[in-house]
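Report on the following structure.
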Amino acid sequence: MKIGPYHLINNLFLAPMAGVTDRPFRQLCKRLGAGMAVSEMVSSNSLLWGSEKTRRRANHVGETEPCAVQIAGADPALMANAARYNVDNGAQIIDINMGCPAKKVCNVMSGSALLQDTSLVSRILEAVVNAVNVPVTLKIRTGWDRDHRNGVTVAQIAEQTGIMALAVHGRTRACGYSGDAEYDTIAAIKAAVYIPVIANGDITTPEKAKFVLDYTGADGIMIGRAAQGNPWIFGIIDHYLRTGDILPVTPIPDIRSVMNDHLVQLYDFYGDYIGIRVARKHISWYSKGQPGGAAFRQAIDKVETVEQQISMINDFFDSLESGLRKAA
Ligand SMILES: Cc1cc2nc3c(=O)[nH]c(=O)nc-3n(C[C@H](O)[C@H](O)[C@H](O)COP(=O)(O)O)c2cc1C
């Protein structure tokens with residue numbers, strides 16, 4: 001699959017998730033088989049750009065190409081500025097967020113609320129596409145509520161304004177994250193445009209990935225929550241799509257080793273204080289479903305130093321591995 005000049009190794013995308021898809025997690029998912037990973041959203045409000053948080057979100061040092069940065073906002077001129085700023089800071093692809101239902105996105109109509117105003121959508125897309133010399137992509141929901149699924153119209157606008165690829169989350173804005181994602185609107189969008197369409201929503205297994213690709217005809221798929229604590233999902237899906245075989249469940253020692261590497265990257269990227277706190281949610285996802293996981297998570301959430309965090313993880317995984325040895 002190709003976006004502008006960038007050939008991706010496959011058609012599997014890590015979904016942008018604020019607070020999750022930081023540089024260490026993107027890099028990990030790319031290493032384990034994601035063809036593309038979009039950064040967390042950066043606000044188009046330039047007053048926020050000097051903040052530590054935004055600077056970190058715009059940090060791509062050592063990241064496997066292409067580096068895609070997502071921007072959000074509702075003012076065409078501000079969005080154009082934000083796109084330029086991020087390209088100047090290393091973004092090789094700009095992704096526009098019209099898919100997020102959160103009200104706090106800039107405290108103005110933006111994210112998926114924009115889908116209600118197609119003339120504004122058109123002005124924002126044009127402003128951003130004209131502002132930068134890199135490919136611009138778009139992420140949308142299927143519409144703003146079940147009676148107004150205007151995803152096909154928005155996709156056509158996107159194609160006309162020069163958007164290079166379109167990711168579609170199979171829910172409306174009003175749906176939030178409830179109910180099941182629906183793929184009929186994504187199929188209709190795919191049939192209506194020539195640009196690559198990436199299907200998103202509730203893809204959690206290799207079989208579901210294949211089903212969604214077949215059902216929608218989409219060019220690629222995007223995975224969000226199912227990658228939390230499971231960055232292997234990309235390699236597992238890639239293998240299944242190529243061979244039809246399901247790889248065995250990731251062994252405990254592999255989980256331990258990948259998680260430990262991931263945590264080292266987090267401490268390095270955020271510093272110890274924030275790193276420990278960001279690590280907590282990943283540790284919790286990695287340990288989900290393991291025996292004794294609930295008590296372990298409760299205990300590790302109270303730990304305040306890197307040494308204690310690592311030592312508690314080592315104890316937990318030692319006991320998991322010795323349990324496995326006894327059972328064998
Ligand atoms: C914690 C979290 C943060 C998210 N942040 C963003 C974001 O910043 N930009 C965006 O376009 N979508 C965001 N999303 C939506 C995801 O990209 C994706 O569309 C959604 O989770 C559905 O995919 P999934 O079922 O594979 O998780 C977020 C989702 C979650 C769970």
> Which of the residues spanning the stretch 233-269 are of a type in the set (Asp, Glu) and more than 21 Å from Phe25 (Cβ to Cβ)?
Replying inline: Asp245
> Is there any pair linking a residue in the stretch 7-29 that is more than 20 Å from Asp261 (Cβ to Cβ) to one that is buried (at least 23 other Cβ atoms within 10 Å of the Cβ) and of a type in the set (Ser, Thr, Tyr), with Cβ under 7 Å and at least six apart or on different chains, and which?
Replying inline: Pro16/Ser39
> If you check Thr153, Thr118, Thr172, which single one turns out to be in contact with a strand residue (DSSP E or B) (Cβ under 9 Å, 6 or more places away or on another chain) and of a type in the set (Ser, Thr, Tyr)?
Replying inline: Thr172
> Looking at the stretch 207-223, is at least one residue open to solvent by 40 Å² or more (accessible area, probe 1.4 Å), polar (S, T, N, Q) and under 29 Å from Thr172 (Cβ atoms)?
Replying inline: no
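The values are calculated or read from the model by the stated rules, or taken from the named source; none is laboratory data. Note that the coordinates shown come from a computational prediction; the quantities given were computed from them, not determined experimentally. All Cβ positions, even for glycine, are placed from backbone atoms using ideal geometry, and neighbour counts span all protein chains on display. Keep in mind that these areas ignore ligands, DNA and RNA; they rest on the heavy atoms of the full protein, side chains included. Shrake-Rupley method; radii C 1.70, N 1.55, O 1.52, S 1.80 Å.
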